[in-house]
Amino acid sequence: MTSKNTKQDNKQADAAKTAEAIAAAGQETLRGFAKASTEGYEKAFGGMREKAEEMFQGYGELADSSKQNMEAWNDASAAYGKGMEAISGQWMNFAKQMLDSNVQATKAILGAKSLNEAMEMQSEYARGSFDGMMAQGTKVGELATKVAQEAAEPINAQFTASVEKWRKNAA
């Protein structure tokens, strides 16, 4: 009986060893599966996290760029408004000068002693008015050019800055 018990004990010991080996292999398989799953999850969602962060950063840059664009347009509008005020002031001053000149010319013509003298004064007044109108037109044209340059300056500066920023981001 002892040999029977020994065989049976050996079979039980072998069965226990086999069960332990199967359990260890199962545990190792589960550990490998858990590790692979964790690594796969980190790889998949880690990239998504980076992309989300880049996307949010891009939205922040876009919002900042939009704010800077609006500030440039506001600055351009302010420069345009000031320039138009200056041009209007020039025209109003010229109109006042012309009105004063008209009154003086009318008084002089009405005080003329002869028709020839009146015609000569009228011709002189017309020539002076034409010369004044041409000079005023040149002055206002130069002022308008300056206003256009000053109004375009903030927009050009912002556009250049935006292009440079996007060029750096693309590189």
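The values are calculated or read from the model by the stated rules, or taken from the named source; none is laboratory data. Everything quoted here is computed from the prediction, not taken from an experiment. Please note: Cβ atoms are built from the backbone with ideal geometry, for glycine as well, and neighbour counts cover all protein chains shown.
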Taking the options S162, S123, S114, name whichever one is of a type in the set (G, A, S) and under 30 Å from D64 (Cα atoms).
S162
Look through A157, A152, A72, A135 and report the one residue that is closer than 30 Å to E54 by Cβ and out of contact with any Pro (no Cβ under 6 Å at 6 or more places or on another chain).
A157
Does the range 58-76 contain at least one residue that is loosely packed, with under 13 Cβ neighbours inside 10 Å, outside any helix (DSSP H, G or I), under 32 Å from the mean Cα position of the chain (by Cα) and aliphatic (A, V, I, L, M)?
no
Give the residue, chosen from A151, A157, that is within 30 Å of M70 (Cβ to Cβ), of a type in the set (G, A, S) and touching a helix residue (DSSP H, G or I) at 6+ places or on another chain (Cβ under 6 Å).
A151
Go through (1) over 42 Å from the mean Cα position of the chain (by Cα); (2) among the acidic types (D, E); (3) loosely packed, with under 12 Cβ neighbours inside 10 Å for E124 and report which single condition fails.
(3)
For A105, state whether it is part of a helix (DSSP H, G or I), surrounded by 11 or more Cβ atoms within 10 Å (Cβ to Cβ), of a type in the set (G, A, S) and within 23 Å of the chain's Cα centre (by Cα).
no
Every residue in the range 15-31 that is modelled with pLDDT under 75 and not hydrophobic (A, V, I, L, M, F, W, C), please.
G26
Only one residue in F130, F94, F45 is more than 30 Å from A157 (Cβ to Cβ) and touching a Gly at 6+ places or on another chain (Cβ under 8 Å), so which one is that?
F94
Which condition breaks for N102 when tested against (1) at pLDDT below 80; (2) more than 30 Å from A161 (Cα to Cα)?
(1)
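Within the range 134-154, identify whether any single residue is more than 21 Å from A76 (Cα to Cα), among the charged types (D, E, K, R) and over 36 Å from the mean Cα position of the chain (by Cα), and answer yes or no.
no
The rows are residues; the columns are (1) free of Cβ contacts under 8 Å to residues at least 60 places away in the same chain; (2) more than 26 Å from A135 (Cβ to Cβ); (3) among the small types (G, A, S); (4) touching a Ser or Thr at 6+ places or on another chain (Cβ under 9 Å).
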{"residue": "K51", "(1), (2), (3), (4)": "yes, yes, no, no"}
{"residue": "M55", "(1), (2), (3), (4)": "yes, yes, no, no"}
{"residue": "Y59", "(1), (2), (3), (4)": "yes, yes, no, no"}
{"residue": "S65", "(1), (2), (3), (4)": "no, yes, yes, yes"}
{"residue": "G83", "(1), (2), (3), (4)": "no, no, yes, no"}
{"residue": "S88", "(1), (2), (3), (4)": "yes, no, yes, no"}
{"residue": "N93", "(1), (2), (3), (4)": "yes, no, no, no"}
{"residue": "N102", "(1), (2), (3), (4)": "yes, no, no, yes"}
